[in-house]
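Here's the structure we're looking at; comments come further down.
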Amino acid sequence: MREVRIKDSFTGELRTLSSDEEIGIYACGPTVCSLIHIGNARPFVVFSLLARFLKSEGYRAKLVVNVTDINDRIYAAARQAGEPSAEFAKRMTRAYFEDTDRLGLGRPDAEPLATETIDGIVALIADLIESEHAYESGGDVYFRVRSFDGYGKLSNRRAEEMDQGEEAGSESLKEDPLDFALWKAHKEDEDTSWDSPWGSGRPGWHIECSAMAEAELGPSFAIHGGGSDLVFPHHENEIAQSEAAGRPFARVWMHNGMIETDAEKMSKSEGNIFQLSEALDRYGREAVVDYLISGRYRQPLAFDAEQMEQAATRVERLRNFLREHPPAGDGAAPEDEFVATRREGFRGALADDFNTPRAMAEAFELVAEANRRQLPGAPEALRGMLALVGLESLARAEQGAGAEAEGLLAERQQARAARDFERADEIRDRLAELGWEVRDSAGAARLVRRC
RNA sequence: GGCGCCUUGGCGGAGUGGCUACGCAGCGGCCUGCAAAGCCGUUUACACCGGUUCGACUCCGGUAGGCGCCUCCA
């Protein structure tokens, strides 16, 4: 088990994860008001792979990624779709599962829904009212921000300095404009609601995460993750709610940077989104995963078609190597020292605040060296590395070309042997039409699937 | 205005007080009937101005520009 350090975005310091307790990771998932875009996929990929890495190092990691299925925007989107909001949210949740399944990284250890955590939410709110950190007002319940001294400590803000944007219509129910809703009374145009001691209504946006994190990971857990755009107010409010209710909450905060197009954050409100499913269709899952780990998780990452194509070319280089070096039977020669160094470097990079670009550089160095000289153990080591970052499918044997293509290839080999290159090229074109690229080597020829 | 982050070669993106990751693209070769794959060589870097230092892309200060959050957003 190697020492893993994570840069805590709360303190700005590198923190070493404890090796003798469960590493609970709570990462904020999507609000299912639309299909997810590639920016939403970044935290899913980063935290899935982080959990995978920690487990492979022997840590007891548990990854929780929630689904926010109660929200103003869901009501609005459902209304526009002419669909009951509960059905709409279910449909979008299903689409989210399908899209992220296609990444091929498996599922998080738990994926709680807000709608299935109402009891925990109500209990937490009751605790906050009991301790006077929250109050009921006209069927709503608000968190009393000024009652919590630490408010603003994550995002570095002072309550006094906050230029609070007013929510139209509801401010009169608040004691203080800074206060935020824990529970919202049922409104006429909302077609779902839940019972509570304060009447029928629904939870506010932030409380669900506090409740779900506690339900899955307990009152104190190792890592809380999510996009950097959630630092304020979402995560700030989570801290306030949980800590005010006596829960120590997250020990380390990890915020992933935004995906950007033309140096602008990709977001629904900007309208510059690129859907995950479309990226998967167009570039393939390996390219999408590779793209998402091509920059360090906490930095912004540029997105455009060229970047995706580069990722596709990059994974093709890895695939080419693995194709030439299928798993050996046995009696393999002892691993070369160079290989061991790269493998160590790869894991070391991941242990160093999950530096995926540096890890991948190690993998590429291994490939380059193994392409120029015999490197015992290189293919096996590479497969191991790629498995850690969800790219193990690059090593998968290609499906057979089928009788027609194989027949054509044999025919072409005959033509080449007879030095009838015109015929050979004709056949090559024909194979290309069938989706196969021909690669000649010393005495043989290989068919490679073109996508 | 407040808080935080960023500025690396054609593109993306690491990193370090001295030895210029990695990938893509370009150019010239090798190999090949040709191509692909692969290999070799090679062209563009650290926004700007000061300071610290034997030495800074890396540390400090300033300037310019950009981004994020402050309202729903991964």
Report summary line: Label model pair A:Arg79, A:Asp109: point-to-point distance (7 angstrom along the Cα→beta-carbon line) in nm is 4.0
Query raised in the report: What is the P(r) of the range A:72-137, as percent of Cα-Cα pairs per 5 Å bin from 0?
Result: 4, 13, 15, 15, 15, 15, 12, 7, 3, 0
Report task. Might you report the magnitude of the Cβ-based charge dipole of chain A about its Cα centre, with Lys and Arg at +1 and Asp and Glu at -1, to the nearest 20 debye? Result -> 1780
Report summary line: Here Rg/Rh (Cα, Kirkwood) for the range A:5-256 equals 0.96
Query raised in the report: Given H placed 1.01 Å from N in the peptide plane, which residues other than close sequence neighbours of A:Thr192 have an amide H under 5 Å from its amide H?
Result: none
**Report entry** Which of A:Ile223, A:Gly384, A:Gly201, positive extreme of dipole for chain A (C-beta unit charges)
**Finding:** A:Gly384
Query raised in the report: Residue separation times 0.36 nm, minus the C-alpha to C-alpha distance between A:Glu188 and A:Ser228: what's the value?
Result: 11.0 nm
Query raised in the report: Taking the inverse of the average 1/r across all pairs of different Cα atoms in the range A:354-444, what Kirkwood radius in Å do you get?
Result: 16.0
Query - Phi to ³J(HN,Hα) by Karplus 6.51 cos²θ - 1.76 cosθ + 1.60 over the range A:115-122, Hz, x for Gly, Pro - result: 5, 9, 10, 4, 4, x, 5, 4
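Rounded to the nearest 5, what % of DSSP beta bridges with both residues in chain A are antiparallel?
Details: 22 of 43 bridges.
If I count the DSSP bridges inside chain A, around 50 percent turn out antiparallel.
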Requested in this report: Show the residues, 5+ positions off or on another chain, whose built amide H is closer than 5 Å to the amide H of A:Ile23.
Outcome: A:Arg60, A:Ala61, A:Lys62
Query raised in the report: Rounded to a whole number, what is D in µm²/s for the range A:403-449 from Stokes-Einstein with the Kirkwood radius over alpha-carbon pairs (10 °C, 1.306 mPa s)?
Result: 154
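Dipole size in debye (nearest 20) for the range A:403-449 around its Cα centre, Lys and Arg Cβ +1, Asp and Glu Cβ -1?
Working: 9 positive and 11 negative charges, 44 e Å.
With Lys and Arg at +1 and Asp and Glu at -1, about 220 debye.
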Query raised in the report: Which cross-chain or sequence-distant (5 or more) residues have an amide H under 5 Å from the amide H of A:Ile259, H modelled 1.01 Å from N in plane?
Result: A:Met266, A:Leu301
Report task. Treating the angle as unsigned and between 0 and 90°, give the value, to the nearest 10°, between the Cα long axis of helix A:85-101 and the longest Cα principal axis of chain A. Result -> 30
Query raised in the report: When every alpha-carbon pair in chain A is counted, what percent end up more than 36 Å apart?
Result: 38
Query raised in the report: Once both axes come from the Cα atoms, what is the angle between helix A:378-388 and the longest principal axis of chain A, in degrees from 0 to 90, rounded to 10?
Result: 20
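Take every DSSP beta bridge with both residues inside the range A:5-256 and express the antiparallel ones as a percent of the total, to the nearest 5. Don't jump to the answer; show the numbers that get you there.
Values: 14 of 32 bridges.
Approximately 45 percent, going by the DSSP bridge assignments.
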Query raised in the report: Among all the aspartates and glutamates, which ones have a C-alpha under 14 Å from A:Lys55's C-alpha, if same-chain residues fewer than 8 places away are not counted?
Result: A:Glu3, A:Asp20, A:Glu21, A:Glu22, A:Asp109
Query raised in the report: Along the principal axes of its C-alpha atoms, what lengths does the range A:291-447 span, in descending order and rounded to whole Å?
Result: 57, 44, 24
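Rule-based calculations on the coordinates, nothing more; no lab input. The structure displayed is predicted, hence computed values, not measured ones. For neighbour counting, all protein chains shown are included, and Cβ atoms are generated from backbone atoms with ideal geometry for every residue, glycine included.
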